[in-house]
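The block underneath contains the structure these notes are about, expressed in structure tokens.
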Amino acid sequence: MSLWLNKLSASVPAGLKQPADTARFELDQAGLIADLKENPSMGDAYRIEQTADGAFTLFGGQTGLLYGAYRLITATLCGEQLPLPYASAPKYALRMINCWDNMDGSVERGYAGQSLFFEDGRVMYSPERMRTLGRLLASAGLNVLCINNVNVHEPAQRLLEDYLPDLAALADLFRPFGVRLMVSVDFSRPMCHGIPTADPLDQAVRAWWKETAARVYAAVPDLAGFLVKADSEGRPGPFTYGRNHADGANMLAEALKPYGGYAVWRCFVYNCRQDWRDTKTDRPKAAWEHYAYLDGSFADNVILQVKHGPFDFQVREPLSPLLLGMKKTKLAMELQLAQEYTGHQIDLYTMIPMWKELFGELPADNIMSVAAVSNLGNDENYTGHPLAAVNLFTYGLLAWDPAVDPAEAVTRWARLTYAFPPKQEQTLVSLLLKTRRVYEKYTAPLGIGWMVTPHDHYGPNPSGYEYDLWGTYHKANRDAVGIDRTHAGTGYLDQYPEEIRIRYENPETCPDLYLLFFHRLPYTFRMKDGRTLIQRIYDDHFEGLEETRAMAAALSGLPFPEPDASVIRGRMDRQLYNAREWCDIINTFFFRLSGIQDEKGRTIYE
Ligand code: GCU
């Protein structure tokens, strides 16, 4: 196993002073559990000082000491000079991982094996692996772990009932690492307990949730809260009763309030039964239409969790307008570490460059938390592809400090994990930082998304979603491609603040990589660099394939230890195959429609 924390756990810097720091760091587990039970919201901030004799002293709350110790150890192992005294506090209060694990042991959109928490309908885990996972999360600065799928199937619907003792035992394992559990709940659950409705304004329903919260918090006093997917892709929710999502979320928030818990309410609500003939409905508009008018009506322990883009974790989407517009509501931005649309942890896809773009668009204090769909599973290396672990680690660094430099974050991970000689480390880091753009080049072009194999979401199928129910259309014909989302088109752009609207409204000023997200354009449209749109599509695809080949060659020269070396080689072979399929199929698709030749005369199959 080559996770970064192998090295982290192995050593404590020589100068770390006893007992305030080392003793804490080694985790006097019993003491820490007691302290955290008394005060679960102790500060994460820390300060590191150095005394005249060269020893380090850590100051902070319990979790602060933990984060400070990891920071110091990381710096020591990476040969980094921390400017002392060094103080740090996280930007976001809840730094969450959402596991989409089912109790049968499967993981929805999981690419690293089976669940780490469940098997055959039971809570089932290796305590040792849980402790490793706790360290893994804490060392990256992450502090909330939602263990079950947002689509809450039987028997996970009974997690807060029959399985509550299991949940309490699991929470005990994570507590020493400052990691609080969270549970996804089913909105209609009261109906399984003799109540004829799940209407959030019904008194019996409200009382049921209050009793449930009381029972749950008696067993797990520091549970971070409930995560809810309601009225989304078939899940039950308040709409059934003519109520809105503030009614639903506030009802849960009221039940959680006495215990300091949060109702984390997802905003992934859209019509997933759309008729492709319907040109009025435009899926990216949906979240805004359901939530923006409710700004200011949510309880203060409700967090609206909003996917970063208005669709669904495509390679390139603009920032969701909800993240910019809801100023009176607590928000969390939802990212996806699981590589659902980004290569299934087979293809390389380092996410921090994308996240930096997203965080760069966010106004300073608009969101208070971040969540990411987990890329973890019970594979020996936890993330399937050993290099996919960079996403978990750097997500943690970014959730702590969104100003972190991507190259620095990736370097820190690479050094902790592999400790290559400088030149090879440099090769690995610059390669990882390129992967997102390379993947983007050989897959769906210029922000259009959705040209993937339906349901599975790996590999190309340019019209797989074209006549489907999911609202994900590109409408390519022989002359043009894309959907006009400007004011004159579907009006989606009207949901943005003015300066963004102005930037995207005109295809001449719209950044190239977003062109087909916002506009419908002819293949002969002249881009800023003088190329036609179709030529840019061909060029990107050929380049993406060539760059993948170059990455494969560079990777093969790096001294990865076994078993990583074999896994990386095997997955790179599959990526090469995938990149070629994407390149040829997308180019052929557009050539057949447009009849326009590649100016450079490269092979496009007819
Ligand atoms: C996507 C994904 C689903 C998931 C959903 C969600 O649609 O494909 O598997 O359930 O997002 O975020 O709830």
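For the chain, the relative contact order works out to 13 percent when only alpha carbon pairs closer than 8 Å and six or more residues apart are counted.
Cross-link partners for K600 among the lysines, with Cα-Cα distance under 20 Å and sequence neighbours closer than 8 places in the same chain left out: K441, K528.
Between R526 and T509, the contour length at 0.36 nm per residue exceeds the Cα-Cα span by 4.9 nm. Charge dipole of segment 301-437 (Cα centre as origin; +1 on each Lys and Arg Cβ, -1 on each Asp and Glu Cβ, all else neutral): 260 debye, rounded to the nearest 20. Counted over all Cα-Cα pairs of segment 401-531, pairs farther apart than 23 Å make up 52 percent.
Derived from the Cα gyration tensor, the three semi-axes of the equivalent ellipsoid of segment 533-595 are 31, 11, 5 Å, largest first.
With a ≥ b ≥ c the root eigenvalues of the C-alpha gyration tensor of the chain, is it rounded (a/c under 1.5), prolate (a/b larger than b/c) or oblate? Note, shape of the chain comes out oblate.
Ranking of M354, M527, M251 by neighbouring Cβ atoms within 10 Å, starting from the fewest: M527, M354, M251. Rounded to the nearest 20 debye, the dipole size of the chain about its Cα centre is 540 debye, using +1 on the Cβ of Lys and Arg and -1 on the Cβ of Asp and Glu. With a cut-off of 16 Å on the backbone N, the residues of segment 129-155 near the modelled label site 7 Å out from E119 along Cα-Cβ are 129-131. Taking every DSSP helix (H) stretch of at least 4 residues in the chain, weighting each as -39,500 (n - 2.57) and dividing the sum by the residue count yields a mean residue ellipticity at 222 nm of -11500 deg cm²/dmol. Of the trypsin sites (Lys or Arg not before Pro) found in segment 272-373, those that fall in a DSSP loop while having at most 10 other beta-carbon atoms within 10 Å are R273, R277, K280, K328.
The modelled label-to-label distance between F59 and E154, using points 7 Å beyond Cα along the C-beta direction, is 5.7 nm. For segment 94-408, averaging the sequence separation of C-alpha pairs within contact (under 8 Å, six or more residues apart) and dividing by the residue count gives a relative contact order of 20 percent. Taking other C-beta atoms within 10 angstrom as a stand-in for reagent exposure, H487, H474, H455 fall in the order H455, H487, H474, fewest first.
For A565 and D456, a Förster radius of 22 Å and the Cβ-Cβ distance give a FRET efficiency of 0.20, rounded to the nearest 0.05. When the Cα positions of N378, P363, F268 are compared along the charge dipole of segment 94-408, P363 comes out farthest toward the positive end, with charges on each C-beta of Lys, Arg, Asp and Glu. For segment 468-537, applying the loop criterion from DSSP together with a ceiling of 14 other beta carbons within 10 Å to the trypsin sites (Lys or Arg not before Pro) yields K475, R478, K528. In segment 94-408, one over the average inverse separation of all distinct C-alpha pairs is 19.7 Å, which is the Kirkwood hydrodynamic radius.
Under 1.5 on a/c is rounded, so check that first for segment 308-467, then, if it is not, pick prolate when a/b is larger than b/c and oblate when it is not; a ≥ b ≥ c are the square roots of the alpha carbon gyration tensor eigenvalues. It comes out oblate by the Cα gyration axes. What percentages, rounded to whole numbers, describe P(r) for segment 282-351 computed over all alpha carbon pairs with 5 Å bin width beginning at zero? Histogram of Cα-Cα distances, whole percents per bin: 3, 16, 25, 20, 15, 10, 7, 3, 1.
Where in segment 238-272 does the amide nitrogen come within less than 16 Å of the point 7 Å from the Cα of R215, taken along Cα to Cβ? Output list for this probe position: 255-256.
By other beta-carbon atoms within 10 Å, ranking E254, E543 with the fewest at the front produces E543, E254.
Only Lys, Arg, Asp and Glu carry charge here, each on its Cβ (+1 for the first two, -1 for the last two); on that basis segment 94-408 has a dipole of about 560 debye about its Cα centre.
None of the figures in this text is laboratory data; all of them are computed from the coordinates on show. Everything numeric here is computed off the predicted structure, so don't read it as measured data. Reconstructed Cβ throughout: ideal geometry from the backbone, glycine too, with neighbour counts over all protein chains shown.
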